[in-house]
Structures are given as structure tokens and as C-alpha cells.
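The values are calculated or read from the model by the stated rules, or taken from the named source; none is laboratory data. Small disclaimer: the values here were computed from a predicted structure and weren't measured. Positions of Cβ are backbone-derived with ideal geometry, glycine not excepted, and every protein chain shown enters the neighbour counts.
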Amino acid sequence: MQTKVLFLGVILLATGAGFSADSEAALATAVSASSVANADTPRRGKAKRQQRSRREGARTTTATGSNGRTAQRTTTRDVDQANRSARTTRTTTGPNGRTATGTSTTQRTDNGYTRSGEWVGPNGQTATRNAEGSWDAETQTWSRNASSTGPNGKTRTQSVDTTRTENGFSRNAERTGTNGQTATRNSEGRWDAESQTWSRNATTTGPNGNSRSADVTTTRTDDGATRTATRTNAQGESVTRTQSVERESAADDAAGDSDD
């Protein structure tokens with residue numbers, strides 16, 4: 001049961017912020033989805049105070065290279081709990097003294113969030129990014145859309161829909177580049193309680209219509225797990241890799257300690 005929760009808790013709400021199945025952005029969006037789904041859950045005591053302290057305040061990081069040159073970044077975060085919004089400002093100063101600044105504002109909505117950001121480079125050029133996410137409780141779907149415009153005025157967009165299913169999830173993602181060409185990625189994951197197996201497959205199709213796919217199954221065993229992954233490229237060539245992980249028993253650990 002714990003394994004099922006582990007798999008589904010991380011995978012089901014992950015929304016795939018990019019086209020990498022292991023994308024960190026996907027986990028970030030999963031946190032957003034989880035917070036929306038549990039918006040009415042009270043938080044109290046020390047945990048709430050610690051969370052608030054992490055979300056507010058200023059932090060300065062300094063890095064010094066092997067040549068002695070130094071770069072510095074200052075991050076300031078202000079939270080307006082009454083309006084359910086937060087503003088983050090990051091200022092980076094390079095070794096040559098040139099400065100770049102980024103500011104983003106996140107507004108929580110009834111079923112998700114909106115976020116707008118602007119970045120000004122050391123040469124004064126500006127880039128912007130706008131994003132929004134929403135949770136549909138009826139369809140059990142987390143949707144996210146983002147649009148980025150570079151200093152040259154060209155825009156790229158991305159949309160991701162992740163739906164919780166009875167025993168897993170399905171995800172559809174589409175990205176359109178600055179040249180108007182579009183790539184898609186469709187994936188799904190499912191848990192088989194009887195065989196103790198988590199299966200995940202994904203198909204990515206590029207702007208030229210060529211597709212590649214990946215199928216991964218992870219099965220829990222009595223002493224660990226086995227994982228089989230098959231990846232097929234656009235030419236139809238496949239490579240399969242199998243891994244096994246064994247967990248040492250308490251008796252083996254004790255025996256090892258006694259040998260020492």
C-alpha cells in the first residue's frame with residue numbers, strides 16, 4: 001500500500017512542465033496542483049510559521065571563481081497573504097559589475113494561480129513570461145499554459161493537461177516555438193496492484209512529424225525491484241535496458257557488522 005501511495009502521490013499530480021518525464025518543473029507544478037486540491041486543509045502551529053519564513057524575506061548568494069572574480073545574486077520575496085499573492089525579485093551582478101534583474105508576481109486564484117514575470121538584462125533588453133494553472137475537480141485535471149516573449153519580440157507557448165485516472169494519470173503537452181512549429185508529447189502512467197507494477201509510456205512527436213517513444217515498467221519484488229525500459233527512436237530502432245535492485249535484509253546487515 002505504501003508503494004502505491006509513493007508512486008501515485010508523486011506521479012499522479014505531476015504536470016510535466018516540460019517534455020522531460022523527470023523534469024524538476026513537473027514536480028514544481030505537482031506542488032501547485034497539490035496545494036490547490038488541498039486548499040481547504042488547515043495548517044497550524046510551527047509548520048505554518050516555518051513555511052511562512054521560507055516564503056518571505058531576502059537572501060544574498062555570492063560565488064567566487066578560481067580566478068578570484070565574484071558574482072552575486074540577491075533574492076527578495078514579499079508575500080501578501082490578504083490578497084493571496086507573492087512577488088519575487090532577483091538581482092544578479094556579474095564579475096564585471098553588470099546587473100540583470102528579474103521580477104515575478106504570482107497570484108493565487110480560486111482553482112489555481114496566475115504568474116507574470118519580466119527580466120531585464122544588463123544591456124536593457126527585456127523578456128517576459130506569463131503562466132496560469134487551474135484545477136478542475138470534476139474532471140480531475142490540472143491544466144497549465146505559459147507564454148514567453150524574448151527581447152526580439154518572438155513568442156513561444158506551452159500547454160499541459162494532466163488528468164488523474166482510476167489507477168494512474170494521462171498527460172498531453174504541446175509546445176509551439178518562435179517559428180510557429182509545434183511539438184507534442186503524450187504520456188500515461190498506471191499502477192497494477194496485483195502485479196505490483198508501475199507502467200509508464202510516452203510518445204514525443206516533433207515539428208517534422210517524426211516520433212520517438214519510451215516504455216518503462218517497474219515491478220516491486222520481495223527483496224527490491226526490477227525496471228525495464230524500452231526506447232524507440234524516430235527510425236524505429238529500439239533499445240531495451242533491464243535493471244534490478246536488491247534490498248539487503250536486516251540479517252545480512254547484522255552479519256556484515258559482526259565481520260567488522
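Here are some notes:
- Just so you know, in region 102-113 the residues that are of a type in the set (S, T, N, Q) and surrounded by fewer than 16 Cβ atoms within 10 Å (Cβ to Cβ) include one that is nearest to Thr61 (Cα to Cα), and it is Thr103.
- Checked against the criterion of being of a type in the set (Val, Ile, Thr) and closer than 29 Å to Thr62 by Cα, region 131-145 has no qualifying residue.
- Check on Asn123, modelled with pLDDT under 95 and either in contact with a Ser or Thr (Cβ under 6 Å, 6 or more places away or on another chain) or not small (Gly, Ala, Ser) (or both): yes
- Taking the criterion of being closer than 30 Å to Thr221 by Cβ, surrounded by 14 or more Cβ atoms within 10 Å (Cβ to Cβ) and aliphatic (A, V, I, L, M), the only residue of region 183-210 that qualifies is Ala202.
- Of residues in region 70-115 being polar (S, T, N, Q) and not in a strand (DSSP E or B), the one nearest to Val160 (Cα to Cα): Asn111
- The lone criterion from (1) in contact (Cβ under 8 Å) with a residue 24 or more places away in the chain; (2) within 28 Å of Ala225 (Cβ to Cβ); (3) in a loop (DSSP other than H, G, I, E, B) left unmet by Trp191 is number (3).
- In region 200-231, the qualifying residues are those that are in contact with a Lys or Arg (Cβ under 6 Å, 6 or more places away or on another chain) and farther than 20 Å from Thr184 by Cα, and the one that is modelled with the lowest pLDDT is Asp223.
- For region 232-247, the count of residues that are in a strand (DSSP E or B), surrounded by 12 or more Cβ atoms within 10 Å (Cβ to Cβ), at pLDDT 95 or above and not small (Gly, Ala, Ser) is at least one.
- Filtered residues of region 62-109 (kept if within 21 Å of the chain's Cα centre (by Cα) and among the hydrophobic types (A, V, I, L, M, F, W, C)): Ala86
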